[in-house]
Amino acid sequence: MPLIRPASLPLIRAAEDGSGEIGQADAAARALREDYERWSRLGWGALAYLGAVLGTLFGLAMLDAASDVSVGAGRVAVLAIGVAALSISVVCLLVLHRLWRTGRRLTIAAAWWLRLPFRTGQRSRRAPFWFAPRTVQYEPRILTRTTASALLFLVAIFGLSSVFFTDAARMPLLTAAMVSIGVISALCMCGIVGGIMRITSGLAEGDPLWIGVRDRVRGE
């Protein structure tokens, strides 16, 4: 599955170069949002996250268990399983990184196209545009991502707090696994929230209330 559709690439390059035509702004923003928000990307992200988390937990647990196995074929087998699980985790982390990079390009370009009509003066900022950046949070594909980021935040807190557990010093590998899961969850949460915020920011360009507050904060 391509993480960026071929049809989206010219629109991304036009946004990056600042060479987009105003007449195609709405269609371009819609196409890029559709590309970013498709369920298949979310599904790949969920699978890669589970693979990274379970691979890390199982792999380090196997390495920890290897210390209790007598030297021989049994210990080699346990170590081999642990290394294989960690390798799967690394592959899944690479997939997550790729999803983040492509998602970032898509959302930055989508936000650029959303802002274009307002920044060029082709469309005036009016009160009805107040609703778009606020109601977007309730669209099913955005709401699912928001819910996922909230769950990831809870997992991140749980994983990172494991360093304060009483038995953390006696189980260093298990503690390392939990901390790693916390870090992975926190990074995934930041990636999802960043995409949502970029889309919301692009939609807010038409909101006169938001623009007024932003300009006052910037001193413009």
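Tally up the residues in the stretch 3-17 that are over 25 Å from Gln137 (Cβ atoms), open to solvent by 30 Å² or more (accessible area, probe 1.4 Å) and in contact (Cβ under 8 Å) with a residue 12 or more places away in the chain, please.
Of the residues in the stretch 3-17, 2 are over 25 Å from Gln137 (Cβ atoms), open to solvent by 30 Å² or more (accessible area, probe 1.4 Å) and in contact (Cβ under 8 Å) with a residue 12 or more places away in the chain.
If you go through the stretch 123-144, how many residues are among the charged types (D, E, K, R) and farther than 17 Å from Pro208 by Cα? Break it down stepwise before answering.
Residues of the stretch 123-144 among the charged types (D, E, K, R): 123, 125-126, 134, 139, 141.
This time we only want the ones that are farther than 17 Å from Pro208 by Cα, so: 139, 141.
Residues that pass the stated criteria total 2.
From Arg115, Arg126, Arg101, Arg134, grab the single residue that is out of contact with any Ser or Thr (no Cβ under 6 Å at 6 or more places or on another chain), touching a residue at least 60 places away in the same chain (Cβ under 8 Å) and under 29 Å from Ile4 (Cα atoms).
Being out of contact with any Ser or Thr (no Cβ under 6 Å at 6 or more places or on another chain), touching a residue at least 60 places away in the same chain (Cβ under 8 Å) and under 29 Å from Ile4 (Cα atoms) holds for just one of Arg115, Arg126, Arg101, Arg134, which is Arg115.
Being closer than 30 Å to Thr146 by Cα and open to solvent by less than 40 Å² (accessible area, probe 1.4 Å) is the filter here; which residues of the stretch 61-94 pass it?
Ala85, Ser89, Cys92 - these are the residues of the stretch 61-94 that are closer than 30 Å to Thr146 by Cα and open to solvent by less than 40 Å² (accessible area, probe 1.4 Å).
Quick check on Gly43: is it at pLDDT 90 or above and either under 30 Å from Ile199 (Cα atoms) or open to solvent by 40 Å² or more (accessible area, probe 1.4 Å) (or both)?
yes
Inside the stretch 95-114, can you point out the residues that are of a type in the set (Phe, Trp, Tyr) and either touching an Asp or Glu at 6+ places or on another chain (Cβ under 9 Å) or surrounded by fewer than 15 Cβ atoms within 10 Å (Cβ to Cβ) (or both)? Explain how you work it out, then say what you get.
In the first step, residues of the stretch 95-114 are kept if they are of a type in the set (Phe, Trp, Tyr); the result is 100, 112-113.
Result: Trp112, Trp113.
Only one residue in Leu152, Leu93, Leu99, Leu143 is in a helix (DSSP H, G or I), over 13 Å from the mean Cα position of the chain (by Cα) and more than 27 Å from Glu21 (Cβ to Cβ), so which one is that?
Just a single option satisfies the conditions, and that option is Leu143.
The values are calculated or read from the model by the stated rules, or taken from the named source; none is laboratory data. All values derive from a computational prediction rather than experimental measurement. Virtual Cβ from ideal backbone geometry, glycine too; neighbours counted across all protein chains shown. With ligands, DNA and RNA removed, areas are computed over all heavy atoms of the protein, side chains included. Shrake-Rupley method; radii C 1.70, N 1.55, O 1.52, S 1.80 Å.
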